[in-house]
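K.L.:
One structure, as structure tokens, below. Some questions next.
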Amino acid sequence: MLKKLPFLLLLGAASQAHAQLGAASLKGPGIAVSTDFLPASRYIRPEDSVKTSSTTSQLRYNFGASFVLSSKTDTATHRLRMWTADVSGSYTKLDNKDYTKKIFPEELLDASVGLKYIHSLRNNWTLLAMASGTLGTDLEEINYDDLFLQGGVLFLKQHNKRFAYGFGVVLTNAFGTPMVLPAFGIQYKTDNRFKIDINFPEKIAIGTQLNSFTELALAVRVRGGAYDATRGVDGKKLLSYSEFSAGLESTWHLGRPFDFVVSCGSILASQVSYSDKKLSEMFKDKPAHRLATNVFMSAGFRWNIPHK
């Protein structure tokens, strides 16, 4: 059952309480830290898609932890009941130069605490119930508007050892008024020398085991988040960030529980949009403040906590 946990955590990403650690992401109970560096990238303004002389660079520090609070297996039915606690955070320092007006904040912080309940059902189905709170802020002014609450119920079907899918609903207050959103995910893995790992919507990766200590993969990843901006563009305070990247990821296994991960590649797309915290804003087109294609470098350390 623990082998299903990465996919369950993926579905939890439908809410914001998900540790976005890139190549250093947890694969089960454990603790992980990573640092990402994105050098200066030119700003592309939304009104005419002109690449300006304004630039933004980013330095991110990420943390994620997942702990099993309790785990019980019924001896007669072999069904698992498990409670887990998750803590994650990401601090981003943005260096903005030569802007004529404020577009991007100088700092961004998101910190999340969540609780998950996992219960195996009949016919390889699993129930996941979750609740979490996330602080998404630019650190200029912290109040109730910076708090994002999420909860949800999701179902996972382990079709076979390679393929799984899941669906459900998530409740969030990201648009002010609490609303219910659909959530779904797909996981597919092969066991060949070259492994394909599709963990939608988080990543698509093709990797191989070079030796007993080293893995190498080519991965495409999606990252995103919501923040309350004290001084947003045109008076709008809900800042939505999205990032699409592709790169090489190398993992070194330093003994059984420890991994060291290094990755580098290209930020294919990166943008920020601003809106009001209103349900009607969800269906409106929003100006996209983009950054030009860029490179990234990342390094992380992961401690995999053994669990029976």
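The values are calculated or read from the model by the stated rules, or taken from the named source; none is laboratory data. The structure presented is a predicted model; accordingly, all values stated were derived computationally and were not measured. FYI the Cβ positions are ideal-geometry reconstructions off the backbone, even for glycines, and counts take in every protein chain you see.
K.L.:
Out of all the residues in region 66-93, which are of a type in the set (A, V, I, L, M, F, W, C), more than 13 Å from the chain's Cα centre (by Cα) and either buried (at least 16 other Cβ atoms within 10 Å of the Cβ) or in a strand (DSSP E or B) (or both)?
P.N.:
Of everything in region 66-93, those that are of a type in the set (A, V, I, L, M, F, W, C), more than 13 Å from the chain's Cα centre (by Cα) and either buried (at least 16 other Cβ atoms within 10 Å of the Cβ) or in a strand (DSSP E or B) (or both) turn out to be F67, V68, L69, L80, M82, W83, A85.
K.L.:
Would you check which residues across region 254-275 are surrounded by 17 or more Cβ atoms within 10 Å (Cβ to Cβ) and either of a type outside the set (S, T, N, Q) or not in a strand (DSSP E or B) (or both) and list them?
P.N.:
Answer for region 254-275, where residues must be surrounded by 17 or more Cβ atoms within 10 Å (Cβ to Cβ) and either of a type outside the set (S, T, N, Q) or not in a strand (DSSP E or B) (or both): D259, V261, G265, I267, V272, Y274.
K.L.:
Next up: Out of everything in region 171-190 that is assigned to a loop (DSSP other than H, G, I, E, B) and of a type in the set (S, T, N, Q), what residue ends up being modelled with the lowest pLDDT?
P.N.:
This residue is T177.
K.L.:
Residue under question is T230, and the condition is that it be among the hydroxyl-bearing types (S, T, Y) and surrounded by fewer than 14 Cβ atoms within 10 Å (Cβ to Cβ); does it hold?
P.N.:
Taking the combined requirement at face value, the residue does not satisfy it.
K.L.:
Same structure, new question: Of the residues that sit in region 94-127 and are aromatic (F, W, Y) and not in a strand (DSSP E or B), which one is nearest to the chain's Cα centre (by Cα)?
P.N.:
Taking the candidates together, the pick is F104.
K.L.:
Quick test of your reading of the structure: N211 fulfils all but one of (1) free of Cβ contacts under 8 Å to residues at least 40 places away in the same chain; (2) in a loop (DSSP other than H, G, I, E, B); (3) under 23 Å from K97 (Cα atoms). Name the failing condition by number.
P.N.:
Condition (3) is where N211 drops out.
K.L.:
Residues to consider are S25, S15, S54; find the one that is at pLDDT below 95 and more than 18 Å from L127 (Cβ to Cβ).
P.N.:
S25
K.L.:
Let me ask something else about it. Restricting to region 191-208, count the residues that are in a strand (DSSP E or B) and of a type in the set (K, R).
P.N.:
2
K.L.:
Next question. Starting from residues that are under 22 Å from S88 (Cα atoms) and of a type outside the set (A, V, I, L, M), keep the ones in region 148-174 and report whichever is farthest from the chain's Cα centre (by Cα).
P.N.:
It comes out as N173.
K.L.:
Taking the stated definitions as given, is D36 at pLDDT 95 or above and crowded, with 20+ Cβ neighbours inside 10 Å?
P.N.:
Spelling it out, D36 is indeed at pLDDT 95 or above and crowded, with 20+ Cβ neighbours inside 10 Å.
K.L.:
Could you check how many residues of region 117-144 are of a type outside the set (A, V, I, L, M, F, W, C) and closer than 19 Å to N173 by Cβ?
P.N.:
Number satisfying all stated conditions: 9.
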